[in-house]
Amino acid sequence: MSTSRYDPAAIETKWRRRWEETGVYDVDVHGVKRPFYNLMMFPYPSAEGLHIGNVFAFTGADIHGRFQAMQGNDVFEPFGYDAFGIHSENFALKQDIHPMTLIPSNIERFREQMRRLGTRIAWRHEVATTDPGYYRWTQWVFVQLFKHGLAEKRKAPVNWCPSCKTVLADEQVIAGRCERCSSEITQRNLEQWFLKITKFTERLLNDLDWIDWSDVIKTAQRNWIGRSEGLETTFPIEGHGASIGFFTTRPDTIFGVTFMVLAPEHPLVAQISTAKQRAEVERYVEQASHKTAIDRQTMERTGVFTGAYATNTLSGERVPIWVADYVLMTYGTGAIMAVPAHDERDFDFARRYGLPVQVVVAPPGWPGGELGEAYTGHGVLVRSGRYDGMDSQAAAQAIIEQLEDERTGERRVTYRLRDWLISRQRYWGTPIPIVYCDSCGTLPVPEDQLPVVLPYVEEFRPTGTDQSPLALVESFVHTTCPSCGAAARRETDVCDTFLDSSWYYLRYPSTEFDDRPFDPELTKKWLPVHMYIGGKEHAVLHLLYSRFITMALHDMGHLGFEEPFQRFRAHGVLVLRGAKISKSRGNIVNPDDFYDSHGADTLRAYLMFAGRYEEGGDFSDEGIEGVSRFLHRVWALVQRYRAQGVDAEVTLETQRTMHRTIKRVGHDIPELKYNTAIAALMEYVNELQRRPALHGDEVRALLLLLAPFSPYITEELWEQTGGAYSIHNQAWPAYDEGLAKAREVAVAVQIDGKTRDVLQVEAGSDEASVVELARGSAKVQRHLDGKQVARTIYVPDKMLSFVTKS
Ligand SMILES: [Zn+2]
Ligand SMILES: [Zn+2]
């Protein structure tokens, strides 16, 4: 091989082969001493292969793993494929290729692309969720949940995607649309399997206070869990024995209730509607039943009066009871107190139907009179009986206490989080391991009979009915009861793909075992995961579900920890020339093109240089050329050093540069500030280029610091300069704090020609920072007191002079 020219294709092929032959990234999961589990989110293997956004995410995680390995840790960096699910199946449908044919070839392609990227994946531990050897244990997880009362089939109004022809979890509905295909969601009332994540609500919320995760994810989970504290109480209905129960987070506004609203499905509606109003109410309820929950929340608010009245227990006032479909039966009690002065929805509704608006929390500076819009802030109470003049937050507490004393109300904490709906009326998923027997009821498939294998079905299209295509496969449906042996039927829905991914990190270390999902010893050794890096889009999906499954398995005694990921960091999103990268925009970037044209090393370093990793970057062709030139310069520099024969003399100045660079790069990498680490390396190379000759230490430091970013070129140059194989097993270079410190110089500060202070500043500091330092000096301040500076003169590294107005 020619050493005069940097040829990425040749060296990347060479080293990839060598790494694989020597198993340099294999980990002895049983034997190692300093385990470090470096996890990245496994992808959906689509046929287009890895897109540049995946490459951005995985490169950042891989750099972290490589850095940890050079710190002396035994890094385990596994990879796999989240290959079941609607995403993969929709693609198979579009291509008209059976998923059992399509998915293995997609996996093949992903694997090859990850290999070319130069990741330090422990390939022996690869998993695919579609492998019966994997989903057997997904079914095992389901069976454990069932046995512990955490999986339950029940009828509920659920989200239905008319295009994917399946139900979806609340978490998969984004602004009323399907997370996968963006179709508008409708509602169906179906019997479905739910996992009881709500049993863990408070723990899921409280642990967020201590887990070391990106704030953006913790905030998203807090909001999704949606804790709110308020009052639960009832208002009696005139002329009926019944009363309306409701919950409010604003008990301070209770004197401002001017009407009550029931959801159209509320059982009281039929009971209390007066003879005069009944026909109109029935017509309204019937119309509402055709609307989706989303329509009901977003369309014009309509309603109808029931003819009945309730009594406000605090004010004693009589308030009309309305039916309106903006109130949903699935949230809370299906009834609300309406306070139009202090709630936007109620305000709109009151305007439309001419209902009174009564201000009870005075906005700051309110002159009295009518409001142009609802005032939802806090303030001082008015027209609220004995609470007049009280601050609204204090009044809320006092009102709760009053009703608690009177035993007519209670302080209640409510959460937004609902149970996780996991049934899918699709083909491409893990079959739910349940059998229905006429005499024995609903039974889990015995563990020794798992997996329930997903059969090959020619007609795998979703049926659009309430049933999965598996329901049409007689040989699958008919089975025998595991308890009494009579004829029985299998559940034919499959699991949400998020169940497959909710536990995969438990499987990786234990892939060698066929007889257990995860080995207790290995699990103890490797988990919880030390570092997990992934996208924010999974904040309330995968990341919340994984925490729930871990907690549940912990409580059952299968795990010694209840939080699966010690650290989680969310990476940013890569854009292309400022635009979101997506298929619909037709601006998909294929990493293969860059492997061929520039090499994986350049692509990796460029992606990390394009922006702060946790914020994202902007991909441009010019940018990648710049990084390509940088690696060519590194190559040329090392060739020059090799030609030199003897090492250059070491001076204090050359030492300083090297130690400073080691310090900077070593500080930036663990904080995922990869862009500034690369910038430091570029500065370092610029400086080395100016030198007439180099020292071996300087060259070796450069290669070691660059190794996590560009693993191939550094391995090659390491070998060329006589380093022991492999550079990726070398220790991270150490630095001397004294030498790493910036060189300081003394700068005299003069005022009108007289030296008043001498500052120690970092060599090369600019005028603005020295002026700021000088202005902070007490001596300078004393002599500048009362004077105006007319002119400032700065001689870098020597003198700062203020000339004042005389
Ligand atoms: Zn859909
Ligand atoms: Zn039976």
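The values are calculated or read from the model by the stated rules, or taken from the named source; none is laboratory data. Nothing here was measured: the structure is a model prediction, and the numbers come from that model. Heads up, the Cβs are rebuilt from the backbone with ideal geometry, glycines too, and the neighbour counts pull from every protein chain shown. Accessible surface areas use protein heavy atoms only, side chains included; no ligands, DNA or RNA. Shrake-Rupley method; radii C 1.70, N 1.55, O 1.52, S 1.80 Å.
With an a/c value of 1.5 or above and a/b not larger than b/c for the gyration tensor axes a ≥ b ≥ c computed over the alpha-carbon atoms, region 550-655 is described as oblate. Subtracting the Cα-Cα distance of residue 629 and residue 243 from 0.36 nm times their residue separation leaves 131.3 nm of extension gain. 3J(HN,Hα) along region 792-806: 10, 10, 10, 10, x, 6, 10, 8, 10, 10, 9, 10, 9, 6, 8 Hz, from the Karplus curve 6.51 cos²θ - 1.76 cosθ + 1.60 with θ = phi - 60°, whole Hz, x for Gly and Pro. Taking all protein chains together and a 1.4 Å probe, the residues 215, 388 rank 215, 388 from largest to smallest accessible area. Each of 237, 162, 195 was placed along the dipole of region 157-255 (beta-carbon charges, centred on the mean Cα), and the one lying farthest toward the positive end is 162. Summary of packing: across the peptides 309-318, 68-77, 788-797, the per-residue average of other C-beta atoms within 10 Å ranks them, highest first, as 68-77, 309-318, 788-797. For the chain, give the percent of accessible area contributed by carbon and sulfur heavy atoms, probe 1.4 Å, rounded to a whole number. Answer for the chain is 48 percent, counting heavy atoms of protein chains only. Each 5 Å bin from zero holds the following percent of Cα-Cα pairs in region 129-258: 2, 8, 10, 10, 15, 19, 16, 10, 5, 3, 2, 1, 0. Over region 248-390, the pair-distance histogram of Cα-Cα distances with 10 Å bins from zero comes to 12, 41, 33, 13, 2 percent, rounded to whole numbers. Only beta bridges with both residues in the chain are counted; by DSSP, about 75 percent of them are antiparallel. Among 725, 6, the sequence by solvent-accessible area, most first, with a 1.4 Å probe is 725, 6.
Please tell me the relative contact order of the chain in percent, rounded to the nearest whole number, where contacts are Cα pairs under 8 Å and at least six residues apart.
Details: 1462 pairs, mean separation 116.6, N = 806.
With pairs under 8 Å counted, the relative contact order is 14 percent.
Each part reduced to its alpha carbon centroid, region 644-695 and region 182-249 end up 54 Å apart.
Residue 285 sits among other residues whose Cβ lies under 14 Å from its own Cβ, and their net charge, with Lys and Arg +1 and Asp and Glu -1, is -1. Here region 195-270 is described by how far its Cα atoms reach on the three principal axes: 57, 32, 18 Å, from widest to narrowest. Excluding ligands, DNA and RNA, the accessible surface per residue across the chain is 42 Å² with a 1.4 Å probe.
The calculated FRET efficiency for the pair residue 487 and residue 416, based on their C-beta separation and a Förster distance of 56 Å, comes to about 0.85. Remark on region 6-129: Rg and Dmax equal 15.9, 49 Å (Cα only). Counted residue by residue at 0.36 nm each, then reduced by the alpha carbon distance between them, the extension gain from residue 33 to residue 639 reaches 214.4 nm.
The length gained by stretching the chain between residue 686 and residue 405 to full extension, at 0.36 nm per residue less their Cα-Cα distance, is 93.5 nm.
Shape summary of the chain, radius of gyration then Dmax from alpha carbon positions: 33.4, 108 Å. Spacing of the modelled spin labels on residue 679 and residue 729, each 7 Å from Cα toward Cβ, amounts to 3.6 nm. Computed over every Cα-Cα pair of region 546-608 and binned at 5 Å starting from 0, the pair-distance distribution P(r) comes out as 4, 14, 13, 13, 11, 7, 9, 12, 12, 5, 1 percent. Taking a ≥ b ≥ c as the square roots of the Cα gyration tensor eigenvalues, with a/c under 1.5 meaning rounded and otherwise prolate when a/b beats b/c, else oblate, which class fits region 306-360? Rounded, because the longest to shortest axis ratio a/c is under 1.5. I want the local charge near residue 116. Using Cβ-Cβ distances under 9 Å, sum +1 for each Lys or Arg and -1 for each Asp or Glu among the other residues. So the environment of residue 116 carries a net charge of -1. Relative to one another, the C-alpha centroids of region 313-353 and region 129-174 are positioned 36 Å apart. For region 249-315, what class follows from the C-alpha gyration tensor (a ≥ b ≥ c being the square roots of its eigenvalues): rounded when a/c is under 1.5, otherwise prolate if a/b is larger than b/c, else oblate? Since a/c reaches 1.5 but b/c is at least a/b, the shape of region 249-315 is classed as oblate.
What are the GluC sites (Glu not before Pro) within region 4-86 that DSSP puts in a loop, where the Cβ has at most 12 other Cβ atoms within 10 Å? All intermediate terms of the calculation are to be shown ahead of the outcome.
On the way: sites: 12, 20, 21, 48; in loops: 48.
Taking region 4-86 and a limit of 12 other Cβ atoms within 10 Å, the loop GluC sites (Glu not before Pro) found are 48.
Rg and Dmax, both from the Cα atoms of region 482-572 and both in Å, are 16.0, 55.
If each DSSP helix of 4+ residues adds -39,500 (n - 2.57) and the sum is divided by the residues in the chain, what number results at 222 nm, nearest 500 deg cm²/dmol?
Numbers: 27 runs with 294 residues, N = 806.
Calculated from helices alone, the mean residue ellipticity at 222 nm is -11000 deg cm²/dmol.
In this calculation the C-beta distance from residue 480 to residue 123 is compared with R0 = 51 Å, giving a FRET efficiency of 0.80.
Give the calculated FRET efficiency between residue 459 and residue 333 to the nearest 0.05, with a Förster radius of 51 Å applied to their Cβ-Cβ distance. Using R0 = 51 Å, I get an efficiency of 0.70. Counting only protein chain heavy atoms and rolling a 1.4 Å probe, the accessible areas of 170, 207, 26 rank, largest first, as 26, 170, 207. Ranked by the mean number of other Cβ atoms within 10 Å per residue, highest first, peptides 758-766, 408-416, 467-475 order as 467-475, 408-416, 758-766.
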